[in-house]
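The next block holds one structure in the form of structure tokens; read it before the comments.
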Amino acid sequence: MIKILFVCSGNTGRSPMAEFIMKNLVKDDAENYFIASAASKPTDGGELHEGIAAKLRAENIPYTKHTARQITADDYKNFDKIVCMDKGNIEQVKAICGGDPDGKVKLLLSYCGEDKDIPWDKNGFNTTFIDIERGCKAMRN
């Protein structure tokens, strides 16, 4: 089983969007994946951002109820890949997890060969969706 944890700052937007996109991409092979998401910063347990939910609905990507949570040092032990939405998340994750001795922490778009952050695009979240989907498809291949 491949265990993937997507991480963004608050775990209400980009990382849950990546979680649900990836779950949809691997739905025919779901028994071989465990996919989740978390925040790199302390969170109050917020829910999925309505703009993100609307974009997922518009793209016919199924999603479930989501409650934000912060990454823990145990997550580093329990996940094979920790995939961050931006470079700031990488630094925050490394601080929480005591570094990255196993090389698990990567930027999502690095799977596309790009050193680029996923934007928080409030204009319908189109750019956010396109970049996350590209990164998830590259991870799957």
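Values as computed for the structure displayed
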{"quantity": "Scan of segment 103-131 for residues that are in contact with a Leu (Cβ under 7 Å, 6 or more places away or on another chain) and among the β-branched types (Val, Ile, Thr), ordered by number", "calculated": "ILE118"}
{"quantity": "Segment 31-58 residues that are on the phi > 0 side of the Ramachandran plot, paired with ones that are hydroxyl-bearing (Ser, Thr, Tyr) (beta carbon under 7 Å, 6 or more apart)", "calculated": "GLY45/THR67"}
{"quantity": "Total residues in segment 116-141, condition assigned to a loop (DSSP other than H, G, I, E, B) and either more than 18 Å from ASN89 (Cα to Cα) or in contact with a strand residue (DSSP E or B) (Cβ under 7 Å, 6 or more places away or on another chain) (or both)", "calculated": "5"}
{"quantity": "Those strands (runs of 3 or more DSSP E) lying entirely in segment 1-102 with at least 2 residues surrounded by 15 or more Cβ atoms within 10 Å (Cβ to Cβ), in contact with a Leu (Cβ under 9 Å, 6 or more places away or on another chain) and modelled with pLDDT of 95 or more", "calculated": "33-39, 81-84"}
{"quantity": "Residues of segment 1-27 satisfying the condition of being charged (D, E, K, R) and either under 8 Å from the mean Cα position of the chain (by Cα) or under 18 Å from PHE125 (Cα atoms) (or both)", "calculated": "ARG14, GLU19"}
{"quantity": "Residue check for ASP131: surrounded by 17 or more Cβ atoms within 10 Å (Cβ to Cβ) and touching an Asp or Glu at 6+ places or on another chain (Cβ under 8 Å)", "calculated": "no"}
{"quantity": "Count of segment 85-124 residues which are in contact (Cβ under 8 Å) with a residue 40 or more places away in the chain and closer than 18 Å to SER37 by Cα", "calculated": "10"}
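Yes/no matrix, rows are residues, columns are (1) out of contact with any Pro (no Cβ under 8 Å at 6 or more places or on another chain); (2) under 24 Å from ASP115 (Cβ atoms); (3) of a type in the set (D, E, K, R):
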| site | (1), (2), (3) |
| --- | --- |
| GLU59 | yes, no, yes |
| THR64 | yes, no, no |
| ILE82 | yes, yes, no |
| VAL93 | yes, yes, no |
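The values are calculated or read from the model by the stated rules, or taken from the named source; none is laboratory data. These numbers come from a predicted model, not from an experiment. We place every Cβ from the backbone using ideal geometry, glycine too, and count neighbours over all the protein chains shown.
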